[in-house]
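Values in this text are rule-based calculations from the coordinates and carry no lab data. Because the structure is a prediction, the values reported are computed rather than measured. FYI the Cβ positions are ideal-geometry reconstructions off the backbone, even for glycines, and counts take in every protein chain you see.
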Amino acid sequence: MSTGPPERGLTRPLTRVPAPALFVTSGIAQYSGAALAVGLFALAPPHTVGWARALVSAVVLLVLIRPWRTPWTRSTLRQTGLFGVVLVVMNMLFYIAIHYLPLGAAVAIEFAGPVLVAAWGSRHLRGRIAVLLAAAGVAAISLVGLRWDEVGEAGIGPMLLGLACAVGAGTTWAWYMVLAGRIAAVRDGQASLAVGTSIAVVLLAPVAAPWAAPLVTSGAGIWLAVLGVGVLSSVIPYVLDQVAIVRLGTAAFALLNALLPATATVVGLLALQQRPTVGEIAGLVAISVAVALAPRKRALGPDGA
């Protein structure tokens, strides 16, 4: 999501860094944070780790952005709160998905949601092809790519839950895109992200905080890991994308997003030893091409991971 010129707020020191370098750094940071989060699932449920990520992000953004300097009304607070809840729920669903699915597969399926929204109703051939490729990619990953014959004693239930949450993350990502576009058109997106995330952390605490005790009581190493997840997955990508999308333009930014499912797969391979199957690779390629072909009305930024 983009708001204002890149020299504003947190983005000012980054104006001389090449935009493609910022984009690549953002993607690597985001999925490195996701890989780090996987290691925390042994201590707390995935949705709680996602909530803890949002808590860290909210605190850091409040300190850096100081959104209280922006005027707020009840109406803008309600809209911003909804925006924040959708964003945090999206990330909680994504973390549940990567608990049961390979990182690259979950990211690719999540990307299909925004692609379908961007291309829905398109009268151009490329839009229709994007829809077909996104659907084919999801089918390739879900039906062929995943190792259904290695589900173990738990059966197929966990894998089905992972698929459902990946689809849910893609759906909420599409909703997030709509809300982000409306907010960016009328007010400071940085302040809205800080306030919206803070509101969401409070509202969603009852469904996540009761399981967070091990993240607090397990020592400084775990605290640093939680901090790393929040900074790598939320703060760094958002700040860098603020610059990249403005300087690259929506079309180039959206095109580069086609590389992100592959980036997630590489991070999953290197950090988590998750070797993709032929079906996963085929689905990833199909969805990446769909991202590249999708209409450019909104940038498919990596905020969902």
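Using the 10 angstrom Cβ neighbour count as an exposure proxy, how do W51, W148 rank, fewest first?
Values: W51 26, W148 11.
Arranged by neighbour count, lowest to highest, W51, W148 become W148, W51.
What are the ³J(HN,Hα) couplings of the stretch 258-274, residue after residue, when phi is run through the Karplus curve with 6.51, -1.76, 1.60 and θ = phi - 60°? Round to Hz, x for glycine and proline.
4, 7, 5, x, 5, 4, 5, 5, 5, 4, x, 5, 6, 8, 10, 6, 9
Order these peptides, 104-114, 39-49, by their mean beta-carbon neighbour count within 10 angstrom, highest first. Provide the component values of the computation, followed by the final result.
Values: 104-114: 30.1, 39-49: 19.5.
Packing order, densest peptide first, comes out as 104-114, 39-49.
Given the -39500 (n - 2.57) contribution per DSSP H run of 4+ residues, what per-residue ellipticity at 222 nm results for the chain, rounded to the nearest 500 deg cm²/dmol?
Details: 13 runs with 214 residues, N = 305.
That comes out to -23500 deg cm²/dmol.
Per the Cauchy relation, a quarter of the hull surface: what is the mean projected area of the convex hull of the alpha carbons in the stretch 29-304, in nm²?
Numbers: hull surface 58.1 nm².
The number I arrive at for the stretch 29-304 is 14.5 nm².
Quick one: T70, T217, T171, fewest Cβ neighbours within 10 Å first, how do they rank?
Details: T70 15, T217 9, T171 19.
So the residues, fewest neighbours to most, are T217, T70, T171.
From the phi of every residue in the stretch 181-197, what ³J(HN,Hα) in whole Hz does the Karplus formula 6.51 cos²θ - 1.76 cosθ + 1.60 yield, where θ is phi - 60° and glycine or proline is x?
With the stated coefficients, the stretch 181-197 comes to x, 5, 5, 4, 6, 10, 7, 5, x, 5, 5, 5, 5, 5, 6, x, 5 Hz.
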